[in-house]
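Student: Pasting in a structure now, in structure tokens, and then I'll have a few things to ask.
The values are calculated or read from the model by the stated rules, or taken from the named source; none is laboratory data. Since this is a predicted model, take the numbers as computed values, not measurements. Cβ coordinates were reconstructed from backbone atoms using ideal geometry, including for glycine residues, and neighbour counts include every protein chain displayed. For the accessible areas, the whole protein counts, side chains as well, though only heavy atoms, and no ligand, DNA or RNA atoms are used. Shrake-Rupley method; radii C 1.70, N 1.55, O 1.52, S 1.80 Å.
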Amino acid sequence: MQFTSKLPHVGTTIFTVMSALANEHGAINLSQGFPNFPSSDRLSDLVCQYMKKGYNQYAPMAGVPVLREQLADKVQRLYCATINPDTEITITAGATQALFTAIAAFVSSGDEVILIEPAYDSYRPSIEVNGGVPVPYKLSAPDYRVDWAALGRLVTAHTRMIIINTPHNPTGTVLKAEDLKALENLTAGTDILVLSDEVYEHLIYDGQQHQSVLRYPGLWERCLATYSFGKTFHNTGWKIGYCLAPAHLMEEFRKVHQFNVFSVNTPMQYALADYLADPETYLSLDDFFQQKRDFFLDAMKGSRLQPLRCEGTYFYLFDYSAISDEPDTKFAKRMTTEWGVAAIPVSVFYSNGSSDKVIRLCFAKTEETLERAGALLRKI
Ligand code: PMP
Ligand code: GLN
């Protein structure tokens with residue numbers, strides 16, 4: 001049968017590849033980003049209760065109203081932003097679907113989308129499958145800071161969207177207030193949309209504040225922002241998240257959403273609405289993960305893997321140039337098969353595969369796992 005692949009360069013995602021390799025070799029899996037400790041019992045009990053009470057039919061297309069109301073309260077409390085739960089919030093099947101739907105709704109054939117690399121691996125194929133042209137802006141180790149003037153030079157008459165991600169996977173950097181102001185200035189008076197991936201909004205350390213696009217009213221009018229309950233509540237397998245956008249953009253988003261998922265599972269939405277009523281459920285996360293970050297760093301002391309810096313997310317980058325000069329994909333595979341700890345090579349997040357001899361390790365793990373991983377890695 002003859003057909004033309006819409007994604008000829010795309011293979012299996014690195015997360016699937018490395019997790020499979022870790023399982024095959026019995027390695028500690030610090031590659032794919034997911035916690036190895038349980039999600040809240042109370043939250044699981046709430047899901048069961050709603051299932052048993054019969055909340056098992058289709059939810060409204062945009063999500064159950066009580067959950068959307070809780071989210072509107074949350075962004076008011078955190079970012080002083082007033083959003084309309086009826087018209088500006090849609091519950092999605094994880095952030096991946098929110099990102100894909102936002103791109104599908106606005107990116108047409110030939111439209112250019114600026115993405116900041118290293119970039120989360122779903123952005124580029126989502127742009128390409130919709131006929132868009134990814135335009136990479138490259139960040140470099142060890143600081144991975146955006147030079148907005150340089151990024152601005154990539155803007156053309158065809159630029160449809162800029163994608164940002166803060167806190168940033170894989171580098172662990174966070175955008176500052178001056179970054180958001182620079183982005184606001186860059187896009188002012190244009191038709192450029194901003195897609196802001198904020199799945200790690202609560203994983204931000206050392207007293208820093210998450211710079212959501214919701215804090216910037218001038219910028220917000222052109223933004224779609226995406227979030228993931230999986231990241232927030234330690235249950236990545238539930239695949240539930242949401243998108244926030246001003247009503248004029250959300251209307252278009254929902255035109256696509258209703259035909260690529262229609263609606264998201266009902267009992268989890270009710271359970272999450274109850275759970276979110278206590279803000280401590282998410283406000284305690286920065287301390288919780290900061291402690292893990294520091295524990296992991298301690299466990300890595302004495303290793304020849306050199307830590308860069310982690311201001312947010314549950315990923316830490318390490319420079320391995322003191323150990324090897326082989327490409328990072330080879331090094332990450334050897335770490336898994338020979339030394340027993342699986343990692344993600346950072347080059348996969350660059351379109352040209354460029355490698356700074358840096359790998360990513362996930363520290364969303366129990367202290368026992370982090371301790372064991374540290375012991376293995378200190379021997380390399
Ligand atoms: N964006 C980033 C930056 C991520 O790291 C992830 C990983 N989960 C996602 C989006 C996707 O989130 P979800 O699992 O809710 O689809
Ligand atoms: N977001 C996770 C990571 O960066 C993985 C998600 C996935 O496996 N698609 O590791």
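Student: How big is D, in µm² s⁻¹, for the chain by Stokes-Einstein at 25 °C and 0.890 mPa s if Rh is the Kirkwood radius over C-alpha pairs?
Tutor: My calculation gives 115 µm²/s for D.
Student: Counting each DSSP H run of 4 or more residues in the chain as -39500 (n - 2.57), what helix-only mean residue ellipticity at 222 nm follows after dividing by all residues, to the nearest 500 deg cm²/dmol?
Tutor: Using -39500 (n - 2.57) per qualifying helix, the result is -11000 deg cm²/dmol.
Student: May I ask you to list, by number, the DSSP H helices of the chain whose Cα span along the axis is at least 15 Å and whose average Kyte-Doolittle hydropathy reaches 0.0 or more?
Tutor: Result, helices passing both filters: 14-25, 94-106, 266-276.
Student: Now for a separate question. Which distance in Å, rounded to a whole number, links the C-alpha centroids of segment 154-170 and segment 114-132?
Tutor: That distance is 9 Å.
Student: Loop only by DSSP, 13 or fewer other Cβ within 10 Å of the Cβ. Give me the trypsin sites (Lys or Arg not before Pro) in segment 278-309 that pass, ordered by residue number.
Tutor: Here the sparse-neighbourhood loop sites are 301, 309.
Student: Report the local net charge at residue 169: Lys and Arg +1, Asp and Glu -1, summed over other residues whose C-beta lies under 13 Å from its C-beta.
Tutor: Combined, the nearby Lys, Arg, Asp and Glu give -4.
Student: Here is the link list: 181/365; 6/255; 176/379; 181/357. Which ones come out longer than 26 Å on Cα distance?
Tutor: Long pairs (Cα-Cα over 26 Å): 181/365; 176/379; 181/357.
Student: Something else about it: Write out the trypsin sites (Lys or Arg not before Pro) in segment 1-98 meeting two conditions: DSSP loop, and at most 16 other Cβ atoms within 10 Å of their Cβ.
Tutor: Taking segment 1-98 and a limit of 16 other Cβ atoms within 10 Å, the loop trypsin sites (Lys or Arg not before Pro) found are 6, 53.
Student: Just how much of residue 67 is accessible, in Å², when a 1.4 Å probe is used and the result is rounded to the nearest 10?
Tutor: Probe radius 1.4 Å; accessible area of residue 67 about 0 Å².
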